[in-house]
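Trainee: Take a look at this one; I'll ask things after.
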Amino acid sequence: MKKNYFCKLLASILLVGLGCVTLVQCGGSGGETPVADEFDVSFVLPSRIEAAPEGLIEFVVKDGKAPLQSDVFMMTASDGISFNCNIESVSSDKFSVRLYKSATSGSYQVFLKRGQRKKSCGNTVLSIVKSIDFTPDKNTTVWGVVTCGDKGVPDVVVSDGVLVTKTDSKGIYQLPSEKKWNYVFISVPSGYEVPSKGVLPQFHAYLGSDASTVERQDFELTYVGDQSKHKMLFLGDMHLANRTNDKAQFAVFAKDFNSYRNSHKSEKIYAMTLGDMTWDIYWYDRSYSFPQYLDEINGQVSGIQIFHTMGNHDNDYMLKGAIGTFGADYDASARYVREIAPTYYSFNIGKVHYVVLDDIDCSKYVGGNRDYVKTFTSEQLEWLEKDLSYVDKSTPLVLTTHAQIFSPVAGDTYRTAVGSVSQLFDVLKGYNAHFVTGHTHVIYNVNPTESARFGAENFYEHNSGSICGSWWWSGKLTPGVYLGTDGSPAGYSIWDISGTDFKWKFKATAWDEDYQFRSYDLNKVRFSYDDVPNMAASLKSEFGKYVDAYSGNEKNVVLLNIWNWNSNWKLSVTDEKGNELKWTRTSAYDPVHIAALSVKRFTGASSKPNFITEKWHHFFKVTAPDADTDLTIKVTDEFGNVYTENMARPKEFKIEDFKK
């Protein structure tokens with residue numbers, strides 16, 4: 001019979017880490033030179049410690065330099081939270097520490113405190129585990145138990161980012177992992193939730209030892225009942241960087257987000273980001289990266305689990321020194337993986353299988369450049385195929401990536417925007433798949449009729465705008481106006497899920513849910529070069545696009561921006577006599593965005609500014625009989641919701657009307 005070393009150690013509630021060990025000579029914290037005095041301690045600190053809840057951990061003393069029993073053994077987590085453990089016994093060759101009852105699994109920095117002095121003793125990974133009678137298979141390097149209360153949960157899918165397996169009847173999983181990604185995660189099963197650390201659901205655990213060392217990582221689930229009806233809120237690009245008045249504008253979004261959730265307290269609500277929560281250049285220029293982002297969102301949003309997607313600006317572009325064994329893409333994602341989540345994973349809510357993917361390949365990164373490619377790696381697609389092998393074809397998929405799968409050409413015509421799409425569609429064949437994407441800071445939607453020509457089957461894409469609009473610039477230059485470069489409002493998408501039926505809507509920050517389009521009386525919209533004093537003459541052709549578009553030549557024309565339009569929506573425009581007016585779809589520059597941002601960016605500019613108004617394809621024109629005829633505009637989405645404006649004309653074009 002094999003020796004059951006896990007059971008044997010845990011049975012005595014004494015368990016020392018099984019990973020690599022480090023000889024620790026405790027020294028002054030904060031870079032101080034160690035002082036040779038009576039506070040001279042040396043012991044072996046394992047790189048990984050597995051212990052029972054409130055268990056006893058034993059450490060080996062070196063050179064007889066043991067701590068005092070009155071010393072305090074302090075462990076500080078990566079989020080800065082510390083807990084103190086009592087030293088229960090001390091001898092010349094060992095000492096034991098009782099874990100604090102609230103200790104949780106994670107990475108910790110270890111200190112010893114004596115009076116007012118505190119000395120650093122190194123770092124370790126703590127894993128809280130329960131005793132079970134089990135011996136892992138010979139080739140297993142990562143194993144654990146998925147439990148709910150005191151019972152193991154069977155058939156939970158588990159992965160290390162390469163291999164995929166599921167738990168047995170007792171909730172036990174095993175992986176012969178090579179530990180490439182240094183983590184293991186579960187695909188949270190329907191009807192359950194995992195604990196949260198702020199807004200981050202803890203469905204993954206980090207590994208602390210090399211592939212030759214067996215590690216145990218357990219997961220605890222909470223049963224939450226039927227999730228068939230739930231809401232999923234999709235949060236596009238944020239680009240928080242502590243600049244451009246972004247934090248104040250983010251507070252406006254958070255207030256709206258919390259208000260919406262408060263009005264739906266009885267419903268189960270979750271959220272997913274679409275990448276670019278941060279802005280890589282400002283990790284260095286303004287010292288604003290993931291810890292600051294988490295402080296910001298956790299300070300303003302609580303009581304909801306937000307699953308994260310990685311964006312191109314969430315990669316570390318300042319790779320320095322030699323690229324590691326797994327390449328630049330792996331190295332560029334390391335900080336995100338360590339501080340947020342795996343770059344790809346899955347989970348289940350109700351009858352929906354959610355998948356987060358990473359379509360930003362940074363393999364060409366060399367310190368300082370951003371030469372990324374929008375594509376899916378073969379390793380990721382292989383993982384996706386393995387993950388979906390546990391998902392019935394009748395289960396709808398909702399998948400998020402940062403970069404868009406398709407890009408509009410004009411109207412409802414699209415082109416592919418990422419590599420490996422044919423391989424992706426092959427993996428998804430037979431599923432009803434909805435992709436929700438970000439990156440563009442605009443809004444558009446692709447239905448199966450449009451995606452079928454590329455070999456996709458039952459494939460939707462919802463490119464869902466952004467939280468920050470034009471990288472926070474419109475709200476900085478014109479407070480209260482929050483717009484993307486296509487004139488769509490900054491905001492987020494709301495999906496109502498009922499079983500396998502989906503309904504979606506875009507919610508503009510600070511506006512009512514029924515705010516779904518804007519109208520412009522082009523008799524009243526003008527732009528000229530007088531609007532941009534002191535602009536360099538070399539920029540005349542650039543700003544001239546807006547002057548030419550709105551020169552007053554289109555008499556009695558009304559322009560509509562219907563930002564969340566797709567080919568299943570309907571538009572009706574009638575005049576005062578009830579006559580139906582013919583409309584045409586067109587590409588246009590949004591007048592409010594020009595006035596709120598582009599005019600102010602071009603004023604005094606010596607070079608072409610960034611984030612200016614783009615021509616986009618969700619615009620419509622209708623010609624009224626004259627300058628005074630009122631119009632009734634009705635926009636109907638695919639779910640039968642009707643959005644109406646009784647447009648009194650002439651309608652003045654005033655930027656104040658668009659402020660919140």
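Where a number appears in this text, it was derived from the coordinates with a stated rule and is not lab data. Only a predicted model underlies this, so the values are computations on that prediction, with no experimental measurement involved. Every residue, glycine as well, gets a Cβ built from its backbone with ideal geometry; the counts of neighbours run over all protein chains shown.
Trainee: Taking the alpha-carbon centroid of each part, what is the distance from region 62-88 to region 495-566 in angstrom?
Mentor: Centre-to-centre distance over Cα atoms comes out at 61 Å.
Trainee: Continuing with the same structure: How would ASP71, ASP137 line up from fewest to most surrounding beta-carbon atoms within 10 angstrom?
Mentor: ASP137, ASP71
Trainee: Out of the trypsin sites (Lys or Arg not before Pro) in region 470-578, which ones are loop residues according to DSSP with at most 10 other C-beta atoms within 10 Å?
Mentor: LYS577
Trainee: Which residues does a label at ASP392 reach in region 177-191, if reach means a backbone N under 17 Å from a point 7 Å past the Cα toward the Cβ?
Mentor: Correct set: 189-191.
Trainee: Next question, about the same structure. Would you mind working out the magnitude of the charge dipole of region 56-173 relative to its Cα centre, with +1 at each Lys and Arg C-beta and -1 at each Asp and Glu C-beta, to the nearest 20 Debye?
Mentor: 560 debye
Trainee: Now for a separate question. If you take semi-axes √(5λ) of the Cα gyration tensor in Å from the coordinates, which of (1) 53, 28, 21; (2) 41, 36, 20; (3) 40, 36, 26 do you get?
Mentor: (1)
Trainee: Additional query: Using θ = phi - 60° and the Karplus relation 6.51 cos²θ - 1.76 cosθ + 1.60, list the HN-Hα couplings for region 296-311 in order, rounded to whole Hz, with x at every Gly or Pro.
Mentor: Karplus-based 3J(HN,Hα) across region 296-311 equals 5, 6, 5, x, 10, 10, 8, x, 8, 8, 10, 7, 9, 10, 8, x Hz.
Trainee: Amide H neighbours of THR273 under 5 Å, at least 5 residues apart or on other chains, H built in the peptide plane: list them.
Mentor: Sorted by chain and number, the residues that satisfy this are LEU235, PHE307, HIS308, THR309.
Trainee: Multiplying the sequence separation of THR632 and TYR284 by 0.36 nm and subtracting their Cα-Cα distance, what value in nm do you get?
Mentor: Result for the pair: 120.1 nm of gain on full extension.
Trainee: Can you list which of the GluC sites (Glu not before Pro) found in region 529-595 are DSSP loop residues with at most 15 other C-beta atoms within 10 Å?
Mentor: Passing both the DSSP loop test and the Cβ count: GLU554, GLU576.
Trainee: If you don't mind, another one. If each of ALA648 and LYS229 carries a label point 7 Å out from its Cα toward its Cβ, how far apart are those two points in nm?
Mentor: Here the answer is 4.0 nm between the modelled labels.
Trainee: Turning to a different aspect of this structure: Counting other beta carbons within 10 Å of each Cβ, put TYR529, TYR183 in order, fewest first.
Mentor: Ordered by Cβ neighbours within 10 Å, fewest first: TYR529, TYR183.
Trainee: Which lysines have a Cα less than 26 Å from the Cα of LYS555, not counting those fewer than 8 places away in the same chain?
Mentor: In chain and number order, the partners are LYS524, LYS540, LYS545, LYS570, LYS577, LYS582, LYS615, LYS621, LYS634, LYS651, LYS654.
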